[in-house]
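These notes are about the structure you will find just below.
Laboratory data are not the source of any read-out in this text; all were calculated from the coordinates shown. Just so it is clear, the structure is predicted and the values come from calculations on it, not from any experiment. Glycine gets a Cβ as well: all are built from the backbone with ideal geometry, and neighbour counts include every protein chain shown.
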Amino acid sequence: MSAESLTAALTALQQYDWGTDTAVLAAIDDAIAAAHSNESVRKDLEARLIAALQSNLSRDAKDCVCRKLMIIGTAACVPAVASLLDKPEHAHMARFVLERMPAPEAAQALRDALGKLDGNLKIGVIGSLGAHRDTGAVAVLAPALRSNDAAVARAAAWALGAIGTADAAAALQATLSSADGNKSPMIDGLLACAESLLKQQPAAARAIYQSLAGDDQSRLVRLAATRGMLACASAES
Amino acid sequence: MNRCSGIACLVVGLVLSSATAAWSAKKPSADYLQMIVKLLSDNDPEFRGIALEQVRTAGGGAATTELFASQLTVLSPAAQVGLLGALADRGDAAARGSVLALYQSSQDEAVRAAAIRALGQLGESPELLPLLVRVLGSASTAEQVAARQSLIVLRGDTVTASIARQMPSAAPAQKAGLIEVLAARWARDQIPAFIAATLDESAQVRAAAMAALGQLGGVPQVAAMLPGVLKAAKGAERDAAEKNVAIVCSRIANDDERATTLIQALETIDTAQRDQLLGLVGRVGGKKLIKFVAGIATSSDPAQRKLGIDALSKWPDASVADQLLEIAKMTKDPEERSRAFQGFVKISATRDKRSDDQRLQRMKQAMKEANSPAEQKLVLMRCRTAYTVDTLRFVLPYLEDPQFAPTVCETIVELAHHREIRDPNKAEFDQALNKVIAISKDPVVVERARRYQRGETWERSG
């Protein structure tokens with residue numbers, strides 16, 4: 001892979017759009033492979049991809065750049081990627097990058113965006129915080145459980161379930177006890193938390209299952225809770 | 001054993017022994033066990049199912065098993081059946097006493113059958129084998145089936161020999177069951193006992209023995225099975241006996257060797273009785289045997305000819321079709337003509353290795369040779385085994401003739417049943433099926449025709 005072919009591929013991005021032969025970008029993939037064991041090459045490539053992302057590219061070209069940053073991106077690319085979170089046509093790919101990035105800056109960017117978004121964009125970011133298993137997001141997700149938008153509340157419950165910590169469970173339980181209407185998402189979230197806690201904190205998991213095993217719950221929930229309580233008791237044996 | 005495989009065996013052995021030790025030594029908490037016990041008596045079968053999962057896998061060894069097994073007496077019959085199955089899967093002999101006690105005290109057939117089935121999985125004990133043999137002769141079919149399953153899966157080095165020892169004193173129904181069990185346990189060393197049983201006075205025992213030999217027998221048993229064929233009552237028992245010998249012969253891959261084995265076996269039979277085995281020769285088939293049987297089918301003795309024609313009519317493929325047609329054409333005896341022609345049509349329609357087109361050509365030939373409406377009807381009926389659209393085109397004109405219409409309607413729906421010929425020729429089939437719907441008086445045929453037009457299938461009953 002030569003520097004010229006990489007430059008040509010990055011230049012090709014300016015004209016790239018739906019239907020363009022993907023072969024024109026092959027040099028970028030080669031550069032990603034070469035960057036695997038060479039930090040300076042990776043850093044340079046990331047910088048050039050950030051610059052491309054901030055330029056006036058087509059939607060498909062920006063999608064391509066995001067896919068590459070998902071592989072080699074670090075905290076350095078977070079501001080550029082996060083700036084796409086409020087753009088409906090790019091938000092999905094931006095979250096694709098951030099929810100997979102281990103850098104704490106990525107999770108922070110998702111948390112920061114939460115307060116500025118509504119509707120589907122907000123639901124998407126909530127889902128990404130869950131997928132990221134961002135334990136620091138519990139405090140910002142807990143209020144979303146009481147959102148007037150049922151879809152937002154449901155997404156928050158599932159995200160807290162995916163995070164699966166005792167704090168996440170506590171947030172769900174606090175809301176569940178005072179909630180009206182559809183409690184299923186919160187119960188799903190709680191069951192997911194209990195399952196995450198089962199190995200490390202069986203007593204905490206058992207308390208959750210116990211709270212869901214009463215006659216006031218549906219048969220399916222009681223079945224799941226009963227199965228969980230047995231798993232806890234077995235783990236504690 | 002090389003060094004690597006030795007180490008691998010050691011590692012596997014250590015893993016297995018440690019897993020077993022964990023299963024038996026890990027003592028579950030009382031709380032956990034109480035939860036399971038409570039759930040076992042839940043009214044909801046799904047909640048009981050959760051507990052049964054734990055019964056199968058919970059640690060604690062014999063003490064835990066005994067705790068679970070002690071619940072058998074306090075549960076409802078449905079829950080008892082579930083727990084018996086779970087205890088069987090747990091496979092711990094510590095449950096045997098409670099399971100046996102429940103079998104003896106329960107009046108519920110499902111519970112008793114489940115207990116018998118569980119006992120088979122819990123291992124051999126001195127009183128178990130006689131009990132299972134006794135249940136084989138029980139009035140309850142469910143218990144009989146369970147006992148047979150248990151005897152098949154019962155573990156232990158001496159179990160097969162012990163089962164075999166029960167045979168001489170067993171009643172016919174039990175003896176037949178024991179033979180089936182021994183065959184399922186692949187007890188090749190009992191083949192001499194099976195051969196002896198082919199001559200038993202009980203048809204049930206004879207049938208079981210022939211089936212066992214069909215399953216386990218080889219070349220050395222072919223001659224020994226022939227007296228069993230002769231002993232079998234004509235009809236279903238004789239047919240089944242012949243089929244079992246044919247199955248054993250089919251294990252000989254070479255045509256010539258197969259024929260030689262059978263001819264040598266036939267030579268051990270008294271000449272006067274040998275003719276009765278021609279049907280068997282037909283079932284085994286093969287070029288060398290065609291000549292042998294065709295000679296008999298054209299002999300000067302009418303009784304011999306009849307046996308020969310019947311034998312050719314049982315041939316497993318169409319290689320004897322020309323011989324049968326020749327006999328049908330040459331004979332002056334109308335009954336013999338009818339017998340040979342029926343055999344020719346049956347053999348020509350056999351679904352052997354020929355193509356569907358070849359089968360259809362034979363049916364067209366048969367139609368030309370048919371000399372009565374009854375023979376034509378037979379051809380139109382047998383045409384349904386040639387799965388090609390050309391068969392539809394061949395039979396369709398006969399739909400206009402009222403004497404053939406019902407048979408042709410059935411043949412058309414049988415052909416339409418095969419999606420692989422119906423779908424690529426949908427328009428042609430739809431048109432034919434419309435005629436069937438208009439003509440047929442048989443509601444099943446009409447219903448089938450409608451279903452096939454809608455692209456649906458039809459399930460044969462029975």
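Observations on the structure shown:
- For segment B:106-146 and segment A:81-110, distance of Cα centres in Å: 66 Å
- Among A:G136, A:G164, A:G127: highest mean-square fluctuation, GNM of chain A, C-alpha pairs under 10 Å: A:G136
- The calculated FRET efficiency for the pair A:D17 and A:Q210, based on their C-beta separation and a Förster distance of 60 Å, comes to about 0.60.
- B:Q204-B:K243 FRET efficiency (beta carbon distance; Förster radius 22 Å; 0.05 resolution): 0.80
- In sequence order, segment A:220-237 has phi-based couplings of 5, 5, 5, 4, 5, 5, 5, 4, x, 4, 5, 5, 5, 4, 5, 5, 6, 5 Hz under the Karplus curve 6.51 cos²θ - 1.76 cosθ + 1.60, θ = phi - 60°, and Gly or Pro positions carry x.
- Compared with the dominant Cα axis of chain B, that is its longest principal axis, helix B:255-267 is turned about 90°.
- Over the residues of the protein assembly as shown, the helix contribution to mean residue ellipticity at 222 nm works out to -21500 deg cm²/dmol, using -39500 (n - 2.57) for each DSSP H run of at least 4.
- Total lysine pairs whose alpha carbons fall under 30 Å of each other in chain A (8 or more apart, or interchain): 14
- With the convex hull drawn around the C-alpha atoms of chain A, the volume per residue stands at 146 Å³.
- Those trypsin sites (Lys or Arg not before Pro) in segment B:208-301 that DSSP places in a loop and that have at most 15 other beta carbons within 10 Å: B:K234, B:R251
- Where the Cα pairs of segment A:16-129 fall when distances are cut into 10 Å bins, in %: 14, 46, 31, 9, 0
- Counting only lysines at least 8 places from B:K287 when in the same chain, those with an alpha carbon closer than 16 Å to its own are B:K314, B:K353.
- With θ taken as phi - 60° and the Karplus curve 6.51 cos²θ - 1.76 cosθ + 1.60 applied, the whole-hertz 3J(HN,Hα) list for segment B:439-449 is 9, 5, 9, 8, x, 5, 5, 5, 4, 4, 4 Hz, x standing for glycine and proline.
- Positive-end residue of B:G97, A:H132, A:L198, charge dipole of the protein assembly as shown with Cβ unit charges: B:G97
- Residue-wise HN-Hα coupling along segment A:124-137, computed from phi with Karplus coefficients 6.51, -1.76, 1.60 (Hz; x: Gly, Pro): x, 5, 4, x, 5, 5, x, 4, 6, 6, 7, 5, x, 8
- Candidates per GluC sites (Glu not before Pro) in segment B:386-462, loop by DSSP, up to 16 other Cβ within 10 Å: B:E456, B:E459
- A simple count of charges around B:A164, restricted to other residues whose Cβ falls under 12 Å of its Cβ and scoring Lys, Arg +1 and Asp, Glu -1, yields +3.
- The aspartates and glutamates within cross-link reach of B:K329, meaning a Cα-to-Cα straight distance under 17 Å and a gap of 8 or more places when in the same chain, are B:D310, B:E369, B:E375.
- Segment A:180-230 versus segment A:111-145: alpha-carbon centroid distance in Å: 23 Å
- Inter-chain neighbour count for A:213-225: the average number of beta-carbon atoms from partner chains within 10 Å of each residue's beta-carbon is 1.
- Cα centroid separation, segment B:335-412 to segment A:1-59 (Å): 73 Å
- Residue with peak Gaussian network fluctuation, chain A [Cα springs, cutoff 10 Å], from A:A213, A:A137, A:A23: A:A23
- Between B:N434 and B:D44, the contour length at 0.36 nm per residue exceeds the alpha carbon distance by 135.2 nm.
- Most to least packed among A:102-115, B:86-99 [average Cβ atoms within 10 Å]: B:86-99, A:102-115
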